[in-house]
Structure formats: C-alpha cells, structure tokens
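To start, the structure itself, in structure tokens.
The values are calculated or read from the model by the stated rules, or taken from the named source; none is laboratory data. Since the structure is predicted, the reported quantities are computational estimates derived from the model, not experimental observations. Because the Cβ atoms are built from the backbone with ideal geometry, glycine has one as well, and the counts that use them run over all protein chains shown.
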Ligand code: KIV
C-alpha cells in the first residue's frame, strides 16, 4: 500500500482520470490482508465470495452479515492502512431500506471498513443514494451478480446482446447518479465494459470484464491456485498453493508417522 498516502474514494476518481490502473484483491483474513497491503494492492474487498472460498458453501446465498463483519474486522486488523470494502451479503439490503442503511453502517462501525459494495443497478439506486447521503461510500456491482444465481439459473455472462449491453450502460449511469465511487463489472464482454468505462465518470473495476476497465479485482484464492475444483476463465493463477500445501501436509504426515519429526531441534 502507498505508505503515508491513504487510498480514498477520491483516489478511484483520480486514477481513472490519470489512466492509472486500480488494483483490487479480495481478502478474508488478517494474514492475507497484511500481505496484500504490503505488496501494493490499492484496495481490499472482503467479498461474500468467502461463502465459497472460506466457508465451504456452493454459492454466496447462505452468507450472513455477522460472518461478513467477522472477516472484515480480521482483514482490518491485518491491514490497518488499507482501503477496505465490505460486501453486503444476500438479503442484507433488499428486504427494507432502513435495514439496508443500518447494515451498511455496521461495516464501517463494527469492522472498520471504508466502504460497502452492493450488487444491482437501477433497482438499488435509491438505496445507494440514501447510504451516500448518510456518509457511507458505496461501490456498485453489475453484470454477472452471484447473489442472483438461483433466479438466473447459473453464472451467466451479461451484455451479450445489444439490448443487454445498453441496459448495462443505463445501470452504470443510474449508479453513478446515485453517488457510487466505483462499479465492479463482472462477467461482461470486454467491448461492452469498454463502452461502460467510457460512458461513466466513476472508475470501473473488472472481474471477467476485460482489459479496458479502469482497474481489476480478483478472488485471492483464484490467483493463488488455492481452490478445490472450479477454475474460472477470468482468473490467472500466479501461484499453485494447492500443490505446495499438499506437499507440506504429506511431508508432515509422513514424518510424524516415521518419527522423524520432531527432532532435537524442535524439542525443549
Ligand atoms: O464477492 C466477491 O468476491 C465479489 C467479487 C467477485 C467482485 O463480489
């Protein structure tokens, strides 16, 4: 992280204007938060993807506010200077506007987050304006929205037709008018993301959104090669921690069984 130069909502706008890419990564615990901050990641998203990556669910639907706050607070302890965004989980903002506002505030008050993220476009713009007016910075999220997996019948790329591409541009503009400081574009063809990026004043952050977005976000487990089965097309593996961990665990199992661990060196 830029030591002494705290990343803020204004940094998103400035970076877009200066055509400097914004680097975001998910983080779910203190150790990874600390490493990401140390390595210069601009902003950390405590994503509800922790339902899949950490909690072992098959989608993000079961994730609760309390689980999100628990992990967001851990990331804050590990990365005290990072710009941290708390992801509002399923049904924490769509049931009623007062609960939405108070749940968003919990991320700032109880977990020390700097902002929240909500999935949705025109349909949630009224919630976004209310949060921003109350002093809560909001990041939007359009395109493929994992919290809609049951109604969409799976994880589907958005914006493939001209009409749907136009709809996405409208959604982005509605979010901008409502006051978001940035918008995640997930699972959107690169050419459509380019149009959205050129047609909005706020920074666009892609995940499966192509190269033209103002920044990128990735799920940390995906780039570390730390997944169980599914490897998404949008992810690049910068390490293969699965293989490293398997090697370490088999070594440990074998040395305990063969009584070659602990040695004198590990004993008191
Ligand atoms: O939950 C998450 O990690 C996200 C990213 C995929 C943007 O929302």
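Which condition from (1) modelled with pLDDT of 95 or more; (2) outside any helix (DSSP H, G or I); (3) surrounded by 10 or more Cβ atoms within 10 Å (Cβ to Cβ) is the one that residue 249 breaks?
All conditions are met except number (2).
Are any residues in region 153-163 within 17 Å of residue 194 (Cβ to Cβ) and surrounded by 15 or more Cβ atoms within 10 Å (Cβ to Cβ), and if so, which ones? Full working, then the answer.
If we filter region 153-163 for residues that are within 17 Å of residue 194 (Cβ to Cβ), which is where we start, we get 157-162.
Residues satisfying the conditions are 157, 158, 159.
Kindly provide the set of residues from region 147-190 that are part of a loop (DSSP other than H, G, I, E, B) and more than 22 Å from residue 60 (Cα to Cα), ordered by number. Steps first, please.
Step one: list which residues in region 147-190 are part of a loop (DSSP other than H, G, I, E, B), which gives 153-161, 179-181, 187-189.
Hits for region 147-190 are 159, 160, 161, 179, 180, 181, 189.
Scan region 13-27 and give yes if some residue there is more than 12 Å from the chain's Cα centre (by Cα), surrounded by fewer than 16 Cβ atoms within 10 Å (Cβ to Cβ) and modelled with pLDDT under 95, otherwise no.
No, region 13-27 contains no residue that is more than 12 Å from the chain's Cα centre (by Cα), surrounded by fewer than 16 Cβ atoms within 10 Å (Cβ to Cβ) and modelled with pLDDT under 95.
Across region 39-61, what is the total count of residues that are free of Cβ contacts under 8 Å to residues at least 24 places away in the same chain and either farther than 19 Å from residue 227 by Cβ or more than 13 Å from the ligand (Cβ to nearest atom) (or both)?
Result for region 39-61: 3.
Exactly one condition in (1) within 16 Å of the ligand (Cβ to nearest atom); (2) at pLDDT 95 or above is false for residue 226; which is it?
Going through the list (1) within 16 Å of the ligand (Cβ to nearest atom); (2) at pLDDT 95 or above, residue 226 breaks only (2).
Are there any helices (runs of 4 or more DSSP H) wholly within region 8-73 with 3 or more residues that are out of contact with any helix residue (DSSP H, G or I) (no Cβ under 7 Å at 6 or more places or on another chain), and if so which? So that I can check it myself, show each step before the final result.
Numbers: elements: 9-17, 30-38, 50-53.
Helices (runs of 4 or more DSSP H) meeting the threshold: 9-17, 30-38.
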